[in-house]
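This report concerns only the one structure given below.
The values are calculated or read from the model by the stated rules, or taken from the named source; none is laboratory data. Remember, it's a predicted structure, so these values are computed and weren't measured experimentally. Cβ coordinates were reconstructed from backbone atoms using ideal geometry, including for glycine residues, and neighbour counts include every protein chain displayed. For accessibility, only protein heavy atoms count, side chains too; no ligands or nucleic acids. Shrake-Rupley method; radii C 1.70, N 1.55, O 1.52, S 1.80 Å.
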Amino acid sequence: MHFLDGTEPGRDGLLALAERALDLRGGAAPRRRDGLRLAAVFLNPSLRTRTSLEAACGMLGIQSIVLQPGKDAWALELGQGAVMDGLAAEHVRDAVSVLGGYVDLLAVRSFAGLLDPEEDRADRVLAAFVRHGGRPVINLESARWHPLQGLADTATWLAHLGPDLAGKRLALTWAPHSKALPAAVANQVLLSAALAGMDVTVAHPEGFDLDPEVLDRAAAHAPVRVVHDQAEGLAGAQVVVAKSWSGFSGYGRRAEEAAARAALSGWQVTPDTLGVTDGAGFMHCLPVRRNVVVSDAVIDSPSSWVQEEANNRLWTALAVLEHLAAGL
Amino acid sequence: MHFLDGTEPGRDGLLALAERALDLRGGAAPRRRDGLRLAAVFLNPSLRTRTSLEAACGMLGIQSIVLQPGKDAWALELGQGAVMDGLAAEHVRDAVSVLGGYVDLLAVRSFAGLLDPEEDRADRVLAAFVRHGGRPVINLESARWHPLQGLADTATWLAHLGPDLAGKRLALTWAPHSKALPAAVANQVLLSAALAGMDVTVAHPEGFDLDPEVLDRAAAHAPVRVVHDQAEGLAGAQVVVAKSWSGFSGYGRRAEEAAARAALSGWQVTPDTLGVTDGAGFMHCLPVRRNVVVSDAVIDSPSSWVQEEANNRLWTALAVLEHLAAGL
Amino acid sequence: MHFLDGTEPGRDGLLALAERALDLRGGAAPRRRDGLRLAAVFLNPSLRTRTSLEAACGMLGIQSIVLQPGKDAWALELGQGAVMDGLAAEHVRDAVSVLGGYVDLLAVRSFAGLLDPEEDRADRVLAAFVRHGGRPVINLESARWHPLQGLADTATWLAHLGPDLAGKRLALTWAPHSKALPAAVANQVLLSAALAGMDVTVAHPEGFDLDPEVLDRAAAHAPVRVVHDQAEGLAGAQVVVAKSWSGFSGYGRRAEEAAARAALSGWQVTPDTLGVTDGAGFMHCLPVRRNVVVSDAVIDSPSSWVQEEANNRLWTALAVLEHLAAGL
């Protein structure tokens with residue numbers, strides 16, 4: 001039993017976890033599991049994910065041990081059968097097997113490399129944790145997914161839109177950024193919203209497309225529409241989620257994409273942008289580049305759900321840990 | 001209720017905290033607060049501050065979570081209204097708001113930049129924690145202050161000079177160093193000693209002046225004298241505190257200051273230096289450049305209180321945590 | 001009472017610790033020591049050592065605080081009487097004295113520099129912890145020794161070869177690597193095996209010799225033979241331990257050694273290599289360069305004890321902590 005893309009518990013299970021998170025937020029007592037141990041491996045920076053995970057572990061009596069390969073632990077080799085005469089001192093399969101022997105739960109963050117689409121689709125670090133760890137694995141954001149974020153978003157939707165999310169209108173809009181970013185959060189919003197039965201519109205400029213496989217997976221659960229005009233995409237939305245990402249078809253031509261991105265500052269979410277919505281709440285996973293992705297006037301306004309969304313990370317991490325620990 | 005410059009509890013409150021620290025050192029039982037959580041954010045290195053804080057948290061049952069933005073967490077933007085198209089991925093106000101939602105207490109270290117006096121006076125990182133955190137904030141050394149050090153020093157003075165510090169003679173001497181250093185510790189010694197009613201002399205070479213605002217604040221509590229001759233400053237002192245700092249009037253001319261500093265190795269504290277004192281104890285906050293700031297013969301002598309001073313950091317951190325937790 | 005080279009408890013004490021580790025592995029209840037604190041200082045990367053130590057601390061209720069001087073804490077000066085006008089901000093004796101005042105147990109990792117044989121023999125960082133810490137010190141791998149690894153290996157031998165290790169045949173073979181590596185693990189295997197009474201053969205190419213002092217120490221306990229032919233060394237072995245190391249006589253001529261090493265890929269441990277043994281188990285301390293040191297076909301085979309060896313690190317760390325804590 002893992003938590004890799006957030007769909008593992010199924011639609012009902014996922015909604016139950018989000019409701020549980022809201023109960024915990026409201027003061028319900030966490031189901032402690034003193035004596036368990038979790039190893040959390042970060043190949044990329046983290047503020048919310050690590051802090052909320054460690055805090056949730058503390059609330060449950062679970063010891064959390066954080067490792068950063070390449071910084072405090074050995075740099076990892078991923079290649080199957082590799083002749084390890086390069087920089088990496090340890091194969092991920094050995095590292096993961098060992099950690100699995102020391103702890104009860106594993107967690108890992110490993111962002112997309114953005115160099116090779118099949119490599120990112122394979123999500124090899126996460127896959128190695130599943131294959132070699134022998135323990136439940138929590139995905140702390142992989143090349144493709146960020147399920148703890150998706151669950152926090154789901155809890156936020158439930159808190160604002162009520163228990164029946166079916167047919168509620170969510171718009172996911174691409175936003176400007178000075179760097180090429182992975183699409184994991186965008187993929188996850190799409191999948192989590194569709195799984196919850198929401199009516200989803202994705203708005204992005206031409207060339208900043210999401211992986212068609214991900215779109216297909218989402219579309220199997222609920223209506224998903226893609227448009228290339230932001231105002232069209234946001235019209236009538238009850239929730240607007242902003243995120244920058246690099247195009248799935250842009251692998252191999254990042255320089256060209258960067259040039260295109262430089263001309264797209266008009267996609268910044270401002271109060272005007274939100275004028276076409278149905279009084280939508282504004283969401284972003286953070287960290288956010290203020291006045292690039294979204295203006296201060298939006299993120300600091302009463303219609304911003306951003307702080308609540310981030311705060312829900314604590315309660316959803318707690319709910320997921322309770323859930324996985326219950327299976328041990 | 002914060003602990004930003006150490007004056008928040010007032011003179012009596014501060015002395016009571018120092019006395020409480022000595023009681024804890026003597027074996028008094030800490031007042032545990034199991035279930036609380038603290039996030040400690042370090043923008044600069046730390047040995048004593050982090051270790052004593054984490055140890056004190058452990059003694060109280062408080063979970064401590066340490067973050068290092070730019071290393072394990074996102075680099076922070078400080079500018080109000082900034083267009084975040086530079087290196088920083090997250091605005092401090094967002095980071096702090098989020099952390100405040102995950103924990104009960106916040107703590108932060110952010111040294112002076114030494115580039116702009118008004119910037120350092122503004123202590124913007126610390127101020128952002130206070131403004132956006134919604135939790136008691138402990139200053140782990142900011143651009144201007146190091147109140148946990150000041151309290152440990154106060155406890156050390158009480159242990160050696162007795163419960164009535166009024167009129168006791170403390171000399172704070174500038175000392176040589178190969179680098180330009182912030183004045184936060186010097187400011188704090190001055191303020192803490194003055195608040196305790198001690199008779200304070202500051203000795204420093206011309207051009208290595210402290211911020212006149214800080215001198216004025218200290219002088220409002222007790223006699224403060226500034227001299228430019230080390231022997232004159234140390235004559236008759238019961239306590240000598242050594243520290244290197246860069247001059248407040250030296251902002252903008254650091255190269256010139258470095259040249260001046262190179263000619264000031266005679267300010268190193270040696271056994272001879274202490275000959276003019278009234279058998280003074282020697283103090284330094286550590287880390288210390290041995291045989292640059294102070295000779296081995298002083299720091300390793302029986303008149304060195306340096307190790308006790310550092311050890312008191314544990315007990316004063318414990319007292320401050322008890323104090324702030326009592327307000328929750 | 002320290003744990004520096006693993007011989008401190010004596011032969012019987014060491015075997016008893018290894019047996020205790022196996023009991024703990026089998027489900028025996030750890031002897032908790034809630035309220036103790038340990039500071040673990042890492043000057044080099046770690047995966048197994050830190051994770052197993054922190055996990056073992058958690059199982060005993062001991063708070064573990066991890067420091068990385070030069071990364072999160074101040075870079076350390078080692079020189080006695082040094083004039084500290086270089087990069088290091090803090091002398092190791094001050095750092096260690098302070099840490100010893102905050103915690104009950106100290107632990108430190110500091111690899112060999114491989115530049116000066118006498119410097120590495122002196123094991124100065126470890127020695128500073130012993131001299132200035134005032135607390136039991138656990139060596140987490142020093143220039144010369146890795147006693148927690150040695151104890152985990154001993155537990156693995158006991159588990160596979162039975163309680164009487166006297167006369168059991170262990171071969172320690174040098175292995176190829178792209179970098180010059182310290183000999184600490186090789187030294188430790190040799191010493192631990194000899195102390196347990198095993199019949200030890202060391203096989204290494206000419207020029208890749210171990211420190212004669214270490215060989216002499218081992219030979220005082222049990223038969224130790226050195227050969228320069230791998231097949232000769234492994235013939236009849238019941239355990240094969242592989243490790244790369246740089247030659248003790250190679251200090252000062254590492255470039256020459258690197259050239260020699262490049263021609264020694266034939267020392268890689270493969271299924272063929274093990275054909276001459278008595279069905280030996282294969283061991284390596286990890287991290288291991290797969291298909292350089294050892295082929296996948298060996299390390300992933302049923303005769304590989306590598307994962308068990310790594311897993312025993314948890315239980316032996318637990319046994320050592322119990323043992324040292326019992327003396328407090």
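Laid out as a table, the results:
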{"item": "Residue count for region B:126-150, restricted to those that are open to solvent by 10 Å² or more (accessible area, probe 1.4 Å) and touching a residue at least 12 places away in the same chain (Cβ under 8 Å)", "result": "11"}
{"item": "Qualifying positions in region C:18-77 - part of a strand (DSSP E or B), out of contact with any Lys or Arg (no Cβ under 7 Å at 6 or more places or on another chain) and not aliphatic (A, V, I, L, M)", "result": "C:R37, C:S64, C:P69, C:E77"}
{"item": "Inter-residue pairs, beta-carbon under 6 Å, first free of Cβ contacts under 8 Å to residues at least 24 places away in the same chain and in region A:292-317, second open to solvent by 10 Å² or more (accessible area, probe 1.4 Å) and of a type in the set (S, T, Y), 6+ apart", "result": "A:Q307/B:S97"}
{"item": "Check on B:G6, in a loop (DSSP other than H, G, I, E, B), modelled with pLDDT of 95 or more and either more than 14 Å from chain A (Cβ to nearest Cβ) or surrounded by fewer than 23 Cβ atoms within 10 Å (Cβ to Cβ) (or both)", "result": "yes"}
{"item": "Filter result for the condition that a residue is farther than 26 Å from C:R290 by Cβ, out of contact with any Asp or Glu (no Cβ under 7 Å at 6 or more places or on another chain) and not in a loop (DSSP other than H, G, I, E, B), over C:V214, C:V185, C:V202", "result": "C:V214"}
{"item": "Hits in region C:282-328 - residues which are within 25 Å of A:V103 (Cβ to Cβ), small (G, A, S) and either at the interface with another protein chain (Cβ under 10 Å from one of its Cβ atoms) or assigned to a strand (DSSP E or B) (or both)", "result": "C:S304, C:A310, C:A317"}
{"item": "Search result, residues across region A:215-262 that are within 28 Å of A:P302 (Cβ to Cβ) and in contact with a Pro (Cβ under 7 Å, 6 or more places away or on another chain)", "result": "A:S244, A:W245"}
{"item": "Count of residues meeting criterion [within 16 Å of the chain's Cα centre (by Cα), under 23 Å from B:Q307 (Cβ atoms) and small (G, A, S)] in region B:122-172", "result": "3"}
{"item": "Members of region C:89-104 that are in contact with a Leu (Cβ under 7 Å, 6 or more places away or on another chain), assigned to a loop (DSSP other than H, G, I, E, B) and facing chain B (nearest Cβ under 9 Å)", "result": "C:V103"}
{"item": "Residues that are among the β-branched types (V, I, T) and either at the interface with chain B (Cβ under 10 Å from one of its Cβ atoms) or under 21 Å from A:H177 (Cβ atoms) (or both), drawn from region A:267-281", "result": "A:V269, A:T270, A:T273"}
{"item": "Unique match (being in a helix (DSSP H, G or I) and open to solvent by less than 10 Å² (accessible area, probe 1.4 Å)) among A:T154, A:T173", "result": "A:T154"}
{"item": "Residue in region A:261-272 that is touching a helix residue (DSSP H, G or I) at 6+ places or on another chain (Cβ under 9 Å) and under 30 Å from A:D164 (Cβ atoms) present", "result": "yes"}
{"item": "Yes/no for B:V226 being open to solvent by 40 Å² or more (accessible area, probe 1.4 Å), part of a strand (DSSP E or B) and touching a strand residue (DSSP E or B) at 6+ places or on another chain (Cβ under 9 Å)", "result": "yes"}
{"item": "Selection within region A:32-88 - of a type in the set (A, V, I, L, M), farther than 26 Å from B:V98 by Cα and either open to solvent by 10 Å² or more (accessible area, probe 1.4 Å) or within 14 Å of chain B (Cβ to nearest Cβ) (or both)", "result": "A:L36, A:A73, A:A75, A:L76, A:L78, A:A82, A:V83, A:L87, A:A88"}
{"item": "Of residues in region A:181-194 being of a type in the set (A, V, I, L, M, F, W, C) and within 10 Å of A:A112 (Cβ to Cβ), the one surrounded by the fewest Cβ atoms within 10 Å (Cβ to Cβ)", "result": "A:L181"}
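To keep it simple, each residue is scored yes or no on (1) under 24 Å from B:A193 (Cα atoms); (2) crowded, with 21+ Cβ neighbours inside 10 Å.
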{"position": "B:A242", "(1), (2)": "yes, yes"}
{"position": "B:G252", "(1), (2)": "no, no"}
{"position": "B:A259", "(1), (2)": "no, no"}
{"position": "B:A262", "(1), (2)": "no, no"}
{"position": "B:T270", "(1), (2)": "yes, no"}
{"position": "B:V276", "(1), (2)": "yes, no"}
